[in-house]
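Working notes, beginning with the structure itself.
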Amino acid sequence: MDKILLGHGSGGKLMHTLIQEHFNPAFGNAGAGDSAVIHVHSKKLAYSTDSYVVSPLFFPGGNIGDLAVCGTVNDLSVAGAVPLYLTAGFIIEEGFPLADLKKIIASMAAAAKQAGVTIVAGDTKVVNKGKADGVFINTSGIGSLADGISISPANIREGDAVIISGELGNHGVAILAERNGLTFEPPIKSDTRPLNSLVKVMYQATDKIRFMRDPTRGGLATTLKEASLESGLCIRIREQVLPVPPQVKGACSLLGLDPLYVANEGILVAMVDPGVAEAIVLTMRTHEYGRNAAVIGTVDRSAPGMVLLETAAGGSRIIDMLQGEMLPRIC
């Protein structure tokens, strides 16, 4: 393969191959991800960056502006950090309506206020008409990490409980519906929202959180597969307890999609010590963004590097990373 495909930006197998074969050899294995833990003198910090090219720019439940803020806030949060400061870079196409830009900027300001972060620097570039798609946004963020907090697939242990914080598939299906003029009843809205306040209450319940990730591109399936490969353990999830809302389930059935691979923007998956699983789920359910939190599976050593779905029919299905690009330009 000698050209970049849309699938290379999917968050799935093609993207992972691109990173492993091209970025990692140049930058090192720690240099090609979207977030990292760094040490500055005696301080431990988390740093993250992400770029947003979603199409359409405005969708039910949000727009590219609050998506850009929440996405970076969430990357810092699931690293165990307290998000503090963001930067924002804009690439704007000549002729883009100023009224739309004002709406995007206002939504970014509102999302930053909600998350308790400050946008401290930025950059603006304008390109010729036809050389971009309205506006692209990059946000980078920095947050502080308390002593003793370590979030990593390497920390996952046999017996750990797998927890999801909310419903699957809302963001991806909302984007798809808006893009194609589809309507569903009840309406499907993106779950774009900052998760740092939810992570805060999780840590108030327990410090025995081994791993967290927000399952965006590639969905829950790809996130779990990454964790299984990096930990060398098997992750088993149960189909019957997955929180897939009826309208998302119906839309996916109609369109031939699998909710496990549909992008999310306002949920997280965590792996925790089994002894605290019940307590942390109950605590999460007291938060507005964790009302549908549930234990969806466990970790064992039966099939290292694999994710297995226990189906409602009583069988097992192997879950792999997203192949190709199911829904391009999703974030």
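The values are calculated or read from the model by the stated rules, or taken from the named source; none is laboratory data. Being a predicted model, the structure only gives us computed values, none of them experimental. Here the Cβ is made from the backbone with ideal geometry for all residues, glycine too, and neighbour counts use every protein chain on show. Surface accessibility is based on the protein's heavy atoms, side chains included, excluding ligands, DNA and RNA. Shrake-Rupley method; radii C 1.70, N 1.55, O 1.52, S 1.80 Å.
According to the square roots a ≥ b ≥ c of the eigenvalues of the Cα gyration tensor, what is the shape class of the stretch 189-331, taking rounded for a/c under 1.5, prolate for a/b larger than b/c otherwise, and oblate for the remainder?
oblate
If you place +1 on the Cβ of every Lys and Arg, -1 on the Cβ of every Asp and Glu, and leave all else neutral, what size is the dipole of the chain about its Cα centre, to the nearest 20 Debye?
Computed charge dipole of the chain: roughly 300 debye.
Could you please report the charge total around Pro304, scoring K, R as +1 and D, E as -1 over all other residues with beta-carbon less than 12 angstrom from its beta-carbon?
Taking every other residue near Pro304 into account, the sum is -2.
Read phi for every residue in the stretch 43-59 and hand back ³J(HN,Hα) as whole Hz from Karplus 6.51 cos²θ - 1.76 cosθ + 1.60, θ = phi - 60°, with x for Gly and Pro.
Once rounded to whole Hz, the list reads 9, 10, 10, 10, 10, 9, 9, 7, 10, 10, 10, 4, 9, x, 5, 10, 8.
Got the relative contact order for the chain handy, in percent, Cα pairs under 8 Å and 6 or more residues apart? Intermediate results must be reported in sequence, preceding the final value.
Values: 749 pairs, mean separation 82.1, N = 331.
Rounded, it is 25 percent for the chain.
For Tyr289, Tyr85, give the ranking by accessible area with the largest first, probe 1.4 Å. Write down the numbers at each step before the final one.
Details: Tyr289 30, Tyr85 115 Å².
From most accessible down to least: Tyr85, Tyr289.
Tally up the carbon and sulfur contribution to the accessible surface of the chain as a whole percent, 1.4 Å probe, everything protein left in place.
54
Just the number please: accessible area per residue for the chain, 1.4 Å probe, all protein chains included, in Å².
Accessible area per residue, the chain: 46 Å².
So what is the diffusion coefficient of the stretch 1-79 in µm² per second by Stokes-Einstein at 4 °C and 1.567 mPa s, using a Kirkwood Rh over Cα pairs?
Rounded, D is 88 µm²/s.
Which residues' amide hydrogens lie under 5 Å from the amide hydrogen of Ile119, considering only partners 5 or more residues apart or on another chain, with H built in the peptide plane?
Under 5 Å from the amide H of Ile119 lie the amide H atoms of Leu86, each far enough along the sequence or on another chain.
Which loop-located GluC sites (Glu not before Pro) does the stretch 224-321 contain, where loop means any DSSP state but H, G, I, E or B and the Cβ has at most 12 other Cβ atoms within 10 Å?
Glu288
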